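Each remark here refers to the structure printed beneath this line.
The values are calculated or read from the model by the stated rules, or taken from the named source; none is laboratory data. The structure displayed is predicted, hence computed values, not measured ones. Every residue, glycine among them, receives a Cβ derived from its backbone with ideal geometry; neighbour counts consider all protein chains shown. Just the protein is used for accessible areas: all its heavy atoms, side chains included, with ligands, DNA and RNA removed. Shrake-Rupley method; radii C 1.70, N 1.55, O 1.52, S 1.80 Å.
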Amino acid sequence: MRKKILVTHTLPGERIHALSELADVNVWLGPGLMPADSLREELAGCHGLVCLLTDQVSRELIEASPDLTFVSSMSVGVDHVDVSALNARGIPLGHTPGVLVETTADTAFALLLAAARRISEADCFVRQGAWRRENRWSPDFFTGKDVSGATLGVLGLGAIGQAVARRAAAFGMRVLAWNRSPREVPGVTAVSLEELLAESDFLSVHLALTDETRGLLGAGRIAAMKPGAVLVNTARGGIVDEHALAEALGQGQLYAAGIDVFEEEPVPADNPLLALPNVVLAPHIGSATAATRARMADMAANNAIAALNGEAMPHCFNPEVYRDRG
Ligand code: GLV
């Protein structure tokens, strides 16, 4: 009997077409993202799921899908998936590390530069017609904060954190980093979390969202950041307390922020960060180049193809499920 798999969105890349040679493929064609109740209905009876980070793969969904044998997410982060529920069933979870590293580091650095040099504010100023003859230029006109010579703190020194560190070094920054399990990276000084907060003029977050990192940058740690610092977050919203951040930015304790990810996405209109001119905002576009998204889709398809062929996924988040199978 041919296996059935569900793909929750049309995907770019080439490899996705190879899936239909191996299984009956049901692709959600929209409009928009697949609603949770349709996901639940369509997944019942499927052997595999290829999903996005917007699909909540909860314990309840997994338990309601008795035939499920693999999940492949087109994302590096897997905080939308209940991994322990998958582990309990020995179900491998594919994800897409590596291919989005440079693209996401570019986004982090773009936000860092934009926040430092007030690019969003300046853009609005020009578009709104506020730039006039009488304020054409002056010594203190749109002054920002220097990046060159400043200290960057990298919170989480995985592949993306290291790629941001390389960019920072090229911009003449001193680079400090904190990682839960200390890592030696040339050109990067490992420090304690307290030192990182106290010394960084720019702090860029590159941690996965887990039970340990949720709320890591709460009010106390935000208050411990160097006065006048800039916070950049391209990792996950739940790591930073957005209300405490908004307060610190509003009171001038922090200079600015560049934020691509939010606790709730899409970000609600009453999120206090949206009211602050010194916050550069983006709608979770860290890996959003056409080429990188195609590479991610190919990787997600390759993980699914391996699973359908009875092989280990090349990029498996929970490879212990294979070991446990013996
Ligand atoms: C993006 O946030 C991803 O996890 O791939």
Inset, instruction - Test Val147 against the stated conditions and say whether it is hydrophobic (A, V, I, L, M, F, W, C), assigned by TED's automatic domain parsing to the domain that holds Gly252 and within 16 Å of the ligand (Cβ to nearest atom). - result: no
Inset, instruction - Hey, can you tell me all the residues within segment 113-127 that are over 19 Å from Gly172 (Cβ atoms) and surrounded by 15 or more Cβ atoms within 10 Å (Cβ to Cβ)? - result: Arg118, Ile119, Ser120, Glu121, Ala122, Phe125
Legend entry - Single residue of segment 277-325 satisfying the filter (more than 11 Å from the ligand (Cβ to nearest atom), of a type in the set (D, E, K, R) and at pLDDT 95 or above) that is least open to solvent (accessible area, probe 1.4 Å): Asp298
Legend entry - Single match in Thr104, Thr69 (criterion: within 16 Å of the ligand (Cβ to nearest atom), among the hydroxyl-bearing types (Ser, Thr, Tyr) and at pLDDT 95 or above): Thr104
Inset, instruction - Test Leu61 against the criterion of being modelled with pLDDT of 95 or more, farther than 21 Å from Ala291 by Cα and not in a loop (DSSP other than H, G, I, E, B), and give yes or no. - result: yes
Legend entry - Of residues in segment 195-253 being within 16 Å of the ligand (Cβ to nearest atom) and outside any loop (DSSP other than H, G, I, E, B), the one farthest from Phe171 (Cα to Cα): Gly238
Legend entry - Considering residues of segment 72-98 that are crowded, with 24+ Cβ neighbours inside 10 Å and outside any loop (DSSP other than H, G, I, E, B) only, the residue nearest to the ligand (Cβ to nearest atom): Ser73
Legend entry - Single condition Arg236 does not satisfy, out of (1) open to solvent by less than 20 Å² (accessible area, probe 1.4 Å); (2) under 22 Å from Leu113 (Cα atoms); (3) in contact (Cβ under 8 Å) with a residue 40 or more places away in the chain: (1)
Legend entry - Positions within segment 50-66 being away from the ligand (no atom under 16 Å from the Cβ) and either under 19 Å from the mean Cα position of the chain (by Cα) or buried (at least 17 other Cβ atoms within 10 Å of the Cβ) (or both), in sequence order: Leu61, Ile62, Ser65
Inset, instruction - Report whether or not Ser120 is within 16 Å of the ligand (Cβ to nearest atom) and touching a residue at least 24 places away in the same chain (Cβ under 8 Å). - result: no
Legend entry - Boolean, Leu53 is out of contact with any Lys or Arg (no Cβ under 9 Å at 6 or more places or on another chain) and part of a helix (DSSP H, G or I): no
Inset, instruction - Filter segment 254-269 down to the residues that are farther than 19 Å from Thr107 by Cβ and either more than 16 Å from the ligand (Cβ to nearest atom) or more than 18 Å from the chain's Cα centre (by Cα) (or both), then identify the one that is least open to solvent (accessible area, probe 1.4 Å). - result: Leu254
Legend entry - Search result, residues across segment 218-233 that are under 21 Å from Leu113 (Cβ atoms) and under 20 Å from the mean Cα position of the chain (by Cα): Val230, Leu231, Val232, Asn233
Inset, instruction - Can you give me the number of residues within segment 144-155 that are surrounded by fewer than 22 Cβ atoms within 10 Å (Cβ to Cβ) and either closer than 16 Å to Asp106 by Cα or of a type in the set (A, V, I, L, M) (or both)? - result: 2
Inset, instruction - State yes or no: is Gly161 on the phi > 0 side of the Ramachandran plot, in contact with a helix residue (DSSP H, G or I) (Cβ under 9 Å, 6 or more places away or on another chain) and either buried (at least 16 other Cβ atoms within 10 Å of the Cβ) or in contact (Cβ under 8 Å) with a residue 40 or more places away in the chain (or both)? - result: no
